[in-house]
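The values are calculated or read from the model by the stated rules, or taken from the named source; none is laboratory data. Note that the structure is predicted; figures quoted are calculated from it, not measured. Every residue, glycine among them, receives a Cβ derived from its backbone with ideal geometry; neighbour counts consider all protein chains shown. Each accessible area value is taken on the protein alone, full model and side chains, heavy atoms only, with ligands, DNA and RNA left out. Shrake-Rupley method; radii C 1.70, N 1.55, O 1.52, S 1.80 Å.
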Amino acid sequence: MPELLPSCTPRVLVNPRADQERAYGPSERAIISLPAFAEARAEISAWPGYAPTPLRSLKGLAKAAGIDRLWYKDESFRFALGSFKALGGAYAVLRLLEREVSARAPGVPVSALDLVVGRYGKITRTVTVTTATDGNHGRSVAWGAQVFGAKAVIYVPACCSAGRRHAIEEYGARVVVVDGNYDDAVRRCAGDAADNGWFVVSDTSYTGYMDIPRDVMQGYTVMVDEAIAQLPASERPTHVFVQSGVGALPAAVCGHLWETWGRQRPQFIVVEPHDADCLYRSAEAGRPVTVTGGLHTVMAGLACGQPSLLAWAILERGADAFVSIPDDAAVTAMKLLASGEAGDRPVVAGESGVAGLAAVLCVAGDPEARAALGLAPDARVLVFGTEGATDPAVYEALTGLAPSAVCGPARVG
């Protein structure tokens, strides 16, 4: 079924600094580690409504792409937020509030349940958390603030859709619209937080701000470990494609797989939109590079111009390649999943969440890119569908289908 593949030209950069023989060392473990993952899993798995999201085997699209296996981790069922971001922002809010209560009431043990029932409400109600977001991360931070008893102020760039702004406000947060792109919102958020004594809970890191983004990234590893457990016992992926904004997600996935599987880890490919490719350009330059301008892309959650320094520290040598794709590729992948045209069960996937899959299909249809990444007929590929229809109006505008017309009950495919 090669006619199903999107007609697009990916840009591929094989990372000259990648080192498959390099051991996962202390500098990487200071960012993402298995002991910190165990803490995150113990906490998050105890939250009401927690359940592993499905790992679907897309046999039809694998056949169309000319590969052996294609697994899709479907995050559209993650808690009530429909996005993997629920694992990161809310977890970081919890960790922050636990530290604040312990600092203000020394010697008092603090649990998530204590915060949920308001036992330390006199303290937590004085705490305001804030972040910049294109939608899903801010929603997670707002949700975490509401659940654990803090206030939230969320900054969004002007391009953030009305639906995503409203979804954040539903969790009691105040939304501030910034006239600019995501990186402008990050700077405004940081400045206002400093002026007002608020706590920034961001998934990006920068000089002087490193600790909280580690908690955010560590929360994401719960999703990665679920996928490992759901893979067939005798099979491992040969390739993993993961979409990126600032780099927090791919670094979390890469770090967890690197430490877990060592030299037997898969080829790891970072995916970005053509017009918001800060990690691709950083890999070209051998140092973090900021992309400026409007960062215009339909993949709004990936419209980030400045790499996270923590993410770059892992991806600089942990990522085997960087790929950028056009917007049309993401829209085509959304439609293919929604229609089930390849013979797979229909899946609802948002425009940012489908980027990794879109890159696989783009590469599969381009002989030069395919050869560069070693995407052979026996390839087994894992991708993360990191969001569902987090803005139903945008989803319908792009696919021509309402999410309710596509999705059914969750199950492992």
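Miscellaneous remarks
- Scanning the stretch 56-111 for residues that are within 22 Å of GLN230 (Cα to Cα) and assigned to a helix (DSSP H, G or I) gives LYS59, GLY60, LEU61, ALA62, LYS63, GLU75, SER76, PHE77, PHE84, LYS85, ALA86, LEU87.
- On inspection, ARG380 qualifies as touching a His at 6+ places or on another chain (Cβ under 8 Å), open to solvent by 10 Å² or more (accessible area, probe 1.4 Å) and under 25 Å from PRO52 (Cα atoms).
- Any hit, the stretch 258-278, residues being open to solvent by 40 Å² or more (accessible area, probe 1.4 Å), β-branched (Val, Ile, Thr) and modelled with pLDDT of 95 or more: yes
- Residue in the stretch 306-322 that is over 25 Å from GLU28 (Cβ atoms), buried (at least 23 other Cβ atoms within 10 Å of the Cβ) and in contact with a helix residue (DSSP H, G or I) (Cβ under 7 Å, 6 or more places away or on another chain) present: no
- Residue-level check: of (1) buried (at least 24 other Cβ atoms within 10 Å of the Cβ); (2) more than 19 Å from the chain's Cα centre (by Cα), GLY286 misses just (1).
- Filter result (open to solvent by less than 70 Å² (accessible area, probe 1.4 Å) and over 13 Å from ARG263 (Cβ atoms)) within the stretch 3-24: LEU4, LEU5, PRO6, CYS8, PRO10, VAL12, LEU13, ASN15, ARG17
- Number of the condition not met by PRO392 [criteria: (1) buried (at least 24 other Cβ atoms within 10 Å of the Cβ); (2) of a type outside the set (Asp, Glu); (3) closer than 24 Å to ARG165 by Cα]: (1)
- The numbered conditions (1) over 22 Å from the mean Cα position of the chain (by Cα); (2) modelled with pLDDT of 95 or more are all true for SER111 except (2).
- Top-ranked residue in the stretch 31-55 [being without any contact (Cβ under 8 Å) to a residue 60 or more places away in the chain and assigned to a loop (DSSP other than H, G, I, E, B); ranked as most open to solvent (accessible area, probe 1.4 Å)]: PRO48
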